[in-house]
1. Let a ≥ b ≥ c be the square roots of the eigenvalues of the Cα gyration tensor of the range 163-215; is it rounded (a/c under 1.5), or, if not, prolate (a/b larger than b/c) or oblate?
2. Relative to the Cα centre, what is the charge dipole magnitude of the chain, using +1 at the beta carbon of each Lys and Arg, -1 at the beta carbon of each Asp and Glu, and rounding to the nearest 20 debye?
3. With helices defined as uninterrupted DSSP H runs, which ones in the chain have an alpha carbon span along their own long axis of at least 15 Å and mean Kyte-Doolittle hydropathy of at least -1.0?
4. Excluding R30 itself, what net charge comes from residues whose Cβ is under 11 Å from its Cβ, given Lys and Arg +1 and Asp and Glu -1?
5. Relative contact order for the range 41-103: what is it in percent, counting Cα pairs under 8 Å that are at least 6 residues apart?
6. Check G73: other-chain or 5+ apart residues with amide H under 5 Å from its amide H, H built from backbone geometry?
7. Averaged per residue, what accessible surface does the range 1-151 expose to a 1.4 Å probe, in Å²?
8. What does the charge count near A2 come to, summing +1 for each Lys or Arg and -1 for each Asp or Glu among other residues with Cβ under 12 Å from its Cβ?
Amino acid sequence: MAVVGASGALGSLLARELAGRGARVLLVGRDARRLADVGLDGAPTVVVTDIADAAAGESVAEAATEHLGGLDGVVDAAGVVAFGPLVDTPDAVIEELFLTNVVGPLILLRRLLPMLEESRGFVALVSAVVAERPLPGMVAYSASKAAMSAVAIALRTELRRARVDVHDIRPPHTETGLADRPLSGQAPRLPTGHRPEDVARRIVDALADGELDLPAEAFGKPPR
């Protein structure tokens, strides 16, 4: 299976958790050094690409065919964030939010779905709690995550006959450090978030158990 965004904090943990349970994982991300540091046993297959690149899907498909003999799952954990009132959010930032969080994943999936239909595999789209509870000061970001949740819901029905499961995953605020690296603006004061390793474990549990809808409340309360 492919983990997209595997060079990120949550994506790398998802890759490790999946590999620890026996999955053969294709690491996909835009930072070659961080992909190399994920630390899977052996020599994992790495695809260095940006999900915003229209050719990313082709690169993933080729690597999956060559090294895995196919593809039985895609976990999209890539994402960017921005803060601040909409009126203060630059046009370029809005465009990048949707390109990375929505448009890129759609184009990637369009290329990979035939492989998933053949294997009767799964798609896991990791959005965020703001998909279900949009917040002021995060208008564009909330909209991009809500769009990805809508993709999951519609795609699940579209792929039902093909027996491809689509997981809509909306984790609560998680201490991945993403809020410290916004495209623009400054994060508001946020409550203590969940530990990334706990979130990754809960997501992989959901994949194993066939939970297709994983709202923020399904992660419980963060440890104090």
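1. Cα axes put the range 163-215 in the prolate bin.
2. Roughly 460 debye for the chain.
3. 9-20, 56-68, 104-119, 139-158, 196-209
4. Values: positive: R33, R34; negative: D31, D50, D53.
Cβ neighbours under 11 Å give a net charge of -1.
5. Answer for the range 41-103 is 30 percent.
6. A2, F122
7. Here the per-residue accessible area is 43 Å².
8. Details: positive: R24, R111; negative: E62, D72, D76.
Net charge in that neighbourhood comes out at -1.
The values are calculated or read from the model by the stated rules, or taken from the named source; none is laboratory data. Everything numeric in this text was worked out from a predicted model, so none of it was measured. Positions of Cβ are backbone-derived with ideal geometry, glycine not excepted, and every protein chain shown enters the neighbour counts. Just the protein is used for accessible areas: all its heavy atoms, side chains included, with ligands, DNA and RNA removed. Shrake-Rupley method; radii C 1.70, N 1.55, O 1.52, S 1.80 Å.
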